[in-house]
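Presented below is the structure to which this report refers.
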Amino acid sequence: MTEILVLVEHVDGEVKKVTLELLTLARSLGEPSAVWAGPGYTPEAKARLAEYGAEKIYVAGAAEIADYVVAPKAELLAQLVAAASPAAVLIASTAEGKEIAGRLAIKTDSGVITDAVGVGDGVTADQSIFGGGVNVKSRVTRGTPIVAVRPNSTPPQPSAGAGAEEQVTVTLSDAARGAKVVDRVKQEKGARPELTEAAIVVSGGRGVGSAENFALIEKLADSLGAAVGASRAATDAQWYPHQFQVGQTGKTVSPQLYIAVGISGAIQHRAGMQTAKTIMAINKDPEAPIFELADFGVVGDLFQVVPQLTEEIEKRK
Ligand code: FAD
């Protein structure tokens, strides 16, 4: 069976959900081989990768890989592509992932597709463009297909793989040492789940009216153990930090439940949340486009609805 390389995203030794999604996709294309780049590999990480179908795990644990910006990971993958001749390479379509994909494409003289939302037979990639208005199918016609897939595009499904470990030594070029990481500052992590990985997301929009009023959204989110998101109107107004923006130019989320509060449902916002399993909207305008997408809707003033909803949830806990 053909080998499919999957670059592992990991933080503090923990495998990120997007990697489990990529392994799930890779299983439909061939035999997944996970590629671990940098330090932090643990028996728990190995078990997790095998649980989601990694037949092989290439471990390149050299600290040097994480000491330089992006380039070493592309060199590692290029080395593995030359040695293993995989049928495809799957990478998370994050800012870093897309850069790695581009560099790898140059190194291997291959075609690259980014922002895919699915990959099917013959490594045909699906892309959803113009805010989800047009779906495109593309296939790489030269070299090894390199596909960067957006997080939350596929539900991760476990299916045991052998998880056979192979240690890899990468020889970095001088060019790969061009930009060194000189410091790392760990972002304060709140009690809330990470936006792109949360099962429930509560987002606020222009209707929320001010930064102070976002406390209402946070309270509702906390009552549900949810992450907080925001529309671009809210982040542009600096009511909530940009890193929480959901949409075409923000994060893509695909939770079990998405609650849109005071958000009209512009196409660019939908692009980041329309794959949520259940969508609930709270909006005072019954004609707001978000209701076309919503499974449940409350037409009403959020300043009345949200506190009542939060109180009711707290009561029932
Ligand atoms: P509005 O469209 O102004 O809607 C506010 C809603 O709140 C209205 O429906 C109103 O009825 C309701 N409301 C007001 N008061 C209350 C109340 N008291 N109670 C209940 N409801 C109330 N947008 C994104 O979100 N994410 C993106 O990534 C993104 N990328 C973009 C990229 C490009 C290239 C462009 C051109 C635009 C992008 N936008 C994005 C912006 C997008 O087009 C919309 O302008 C934005 O999503 C609107 O945000 P909103 O729904 O919060 O505000």
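The values are calculated or read from the model by the stated rules, or taken from the named source; none is laboratory data. This one's a predicted model, so the numbers in the text were calculated from it and none came from an experiment. Cβ coordinates were reconstructed from backbone atoms using ideal geometry, including for glycine residues, and neighbour counts include every protein chain displayed.
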Go through the residues of segment 230-241 one by one and say whether even a single one is within 30 Å of Ala71 (Cβ to Cβ), surrounded by fewer than 16 Cβ atoms within 10 Å (Cβ to Cβ) and of a type outside the set (Val, Ile, Thr). yes
Among the numbered conditions (1) surrounded by 17 or more Cβ atoms within 10 Å (Cβ to Cβ); (2) under 21 Å from the mean Cα position of the chain (by Cα), tell me where Lys56 comes up short. (2)
One residue is enough: does segment 230-252 have a residue meeting the conditions in contact (Cβ under 8 Å) with a residue 60 or more places away in the chain and more than 8 Å from the ligand (Cβ to nearest atom)? yes
Glu287 vs. criteria modelled with pLDDT of 95 or more, more than 7 Å from the ligand (Cβ to nearest atom) and over 16 Å from Gly229 (Cα atoms): yes
For segment 40-73, give me the residue count where each residue is in a helix (DSSP H, G or I) and without any contact (Cβ under 8 Å) to a residue 60 or more places away in the chain. 5
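Take Gly297 and tell me if it is surrounded by 13 or more Cβ atoms within 10 Å (Cβ to Cβ), within 13 Å of the ligand (Cβ to nearest atom) and under 20 Å from Thr196 (Cα atoms).
So Gly297 does not fit the description; no.
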Restricting to segment 162-207, name every residue that is acidic (Asp, Glu) and touching a residue at least 60 places away in the same chain (Cβ under 8 Å). Glu165, Glu166, Glu197
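Only one of Gln256, Gln308 is assigned by TED's automatic domain parsing to the domain that holds Gly225, in contact (Cβ under 8 Å) with a residue 24 or more places away in the chain and more than 12 Å from the ligand (Cβ to nearest atom); which?
Every option except Gln256 fails the conditions.
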